[in-house]
Amino acid sequence: MRFCNFLKVNLLWFVLLPLLAASCHRPGPEPEPEPRPDAYAKGLYILNEGLFQLNNSTLSYYDFTTGDFTENIFLDVNHRGLGDVGNDMKQYGTKLYIVVNNSNIVEVVDAKTVKSLKTINMSGKQPRQIDFHEGKAYISCFDGDVVRVDTASLEIEASVHTGPNPDGLCVCNGKIYVCNSGGLNYPNYGNTVSVIDLATFTVTKDITVAVNPVRVKAYNDRYVYVVSNGNYADVTYTFQKIDSQVDEIVKVYDLEVLNFDICQNLAYIYTYNFNTMASAWISVLDLETDEIVKEQFISDGTTLKTPYGIKVNPLNGDVYITDAGTFTTNGDIYCFDKEGKKKFSFEGGLNPSAMVIDFGEQLVAKK
């Protein structure tokens, strides 16, 4: 009898040990990085949208130390193109996530080598924007869904339906805020921001905003700033603030903002009129006081033709602005110091938009 019990126990361990070993080696969620206090920016990744249905989106890289520019680093490393219409790009952990809208994919690459790790197939969903929280990626899709992807396995886990043609999204105060643009329903654009509870991954509220909301960013894990593009005719751009504690709009600014980035307590905002094809201004807004602290950010007389993307370096306040030019030829990227004086510029790819600052291995996990 003792021998039988001994045999049963050992057989049980024989079955369980491989399972335990597998679970011990299963990759956990990758932490979101932030620059070390002594870090410095090594370079800049630039996502170039290309032109619709021409399959010519590219990823470029500019080395701050050498001044070298690699126009199509993704092609150079992976020996294939990126796809059709690169729409968004962000870094999470050691990976870059590149949303390629018309190709219906999210390309995941190693942020150090640019080697492709996985192409996430999102057939028919038309992915638009991406954000992250606690090991998960959240992707808005023009088919009406927000998709959740595990950043360790890079597998799609779940999806939730929000509204017409979700576009910009961000995580704030334990929730996801998603712009339901209705961008494909001209002239009947959407006018809501859906609130998704992260714990249950369900929509808990739709907040009515100005028509055609497309961009959204969080500040201080409390406020959510929304850009609505209007109808490109008699309804112009609108800049709004949502308080995430009550999930209501608490301020509508008298500012026609097209795009913006946030660094510390400052929002760098700009506009561009597609009808007159003229940029009006690039200003700096203090988010603590809701006051414009600099009417004209560019202080040295540099003029931009078609501002198309903006990114602020949190280490030194440098501001990178992409210029799409005529939209049919290569654009330019400008770097201004925090006083608004141009430090350098270089020619980029076709319709440069999203940017990611390369801090290399000078990152630590957020606490």
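Any residue in the range 240-258 that's closer than 22 Å to residue 270 by Cβ: show its pairings with residues that are acidic (Asp, Glu) and in a loop (DSSP other than H, G, I, E, B) at Cβ separation under 7 Å, as long as the two are six or more apart or on different chains.
251/290
Given the condition assigned to a loop (DSSP other than H, G, I, E, B), within 24 Å of residue 310 (Cβ to Cβ) and of a type in the set (Ser, Thr, Tyr), answer yes or no: does some residue in the range 197-208 qualify?
no
Give the residue that is farthest from residue 143 (Cα to Cα), with candidates limited to residues of the range 172-195 that are within 16 Å of the chain's Cα centre (by Cα) and touching a residue at least 40 places away in the same chain (Cβ under 8 Å).
By that ranking, first place goes to 172.
For residue 115, which of the numbered conditions (1) of a type outside the set (A, V, I, L, M, F, W, C); (2) touching a Lys or Arg at 6+ places or on another chain (Cβ under 9 Å); (3) more than 24 Å from residue 260 (Cβ to Cβ) fails to hold?
The single condition residue 115 does not satisfy is (2).
Across the range 230-242, what is the total count of residues that are over 19 Å from residue 180 (Cβ atoms) and surrounded by fewer than 16 Cβ atoms within 10 Å (Cβ to Cβ)?
The total comes to 2.
Using the structure shown, decide if residue 248 is exposed (fewer than 13 other Cβ atoms within 10 Å of the Cβ), under 30 Å from residue 108 (Cβ atoms) and not hydroxyl-bearing (Ser, Thr, Tyr).
For residue 248, the condition - exposed (fewer than 13 other Cβ atoms within 10 Å of the Cβ), under 30 Å from residue 108 (Cβ atoms) and not hydroxyl-bearing (Ser, Thr, Tyr) - is not met.
Please count how many residues of the range 266-278 are under 16 Å from residue 320 (Cα atoms) and touching a Phe, Trp or Tyr at 6+ places or on another chain (Cβ under 8 Å).
Total meeting the criteria: 5.
I'd like to check which strands (runs of 3 or more DSSP E) are fully inside the range 265-367 and have at least 2 residues that are in contact with a strand residue (DSSP E or B) (Cβ under 9 Å, 6 or more places away or on another chain), modelled with pLDDT of 95 or more and of a type in the set (A, V, I, L, M).
Qualifying strands (runs of 3 or more DSSP E): 266-273, 278-286, 291-294, 307-312, 319-323, 352-358.
Can you tell me which residues in the range 177-190 are out of contact with any Gly (no Cβ under 7 Å at 6 or more places or on another chain) and part of a loop (DSSP other than H, G, I, E, B)?
Scanning the range 177-190 gives 183, 184, 185, 186, 187.
Go through the range 319-329 and count every residue that is crowded, with 17+ Cβ neighbours inside 10 Å and more than 19 Å from the chain's Cα centre (by Cα).
Looking only at that region, the number is 1.
Evaluate the following for residue 236: is it of a type in the set (Ser, Thr, Tyr), out of contact with any strand residue (DSSP E or B) (no Cβ under 8 Å at 6 or more places or on another chain) and under 30 Å from residue 264 (Cβ atoms)?
So residue 236 passes the test.
How many residues are small (Gly, Ala, Ser) and either on the phi > 0 side of the Ramachandran plot or modelled with pLDDT under 95 (or both) when one looks only at the range 195-233?
Counting residues in the range 195-233 that are small (Gly, Ala, Ser) and either on the phi > 0 side of the Ramachandran plot or modelled with pLDDT under 95 (or both) gives 2.
Going by the structure shown, is residue 48 in contact with a strand residue (DSSP E or B) (Cβ under 9 Å, 6 or more places away or on another chain) and crowded, with 23+ Cβ neighbours inside 10 Å?
So residue 48 passes the test.
The values are calculated or read from the model by the stated rules, or taken from the named source; none is laboratory data. Note that this is a predicted model, so its numbers are computed, not measured. Backbone-built Cβ (ideal geometry, glycine too); neighbour counts: all protein chains shown.
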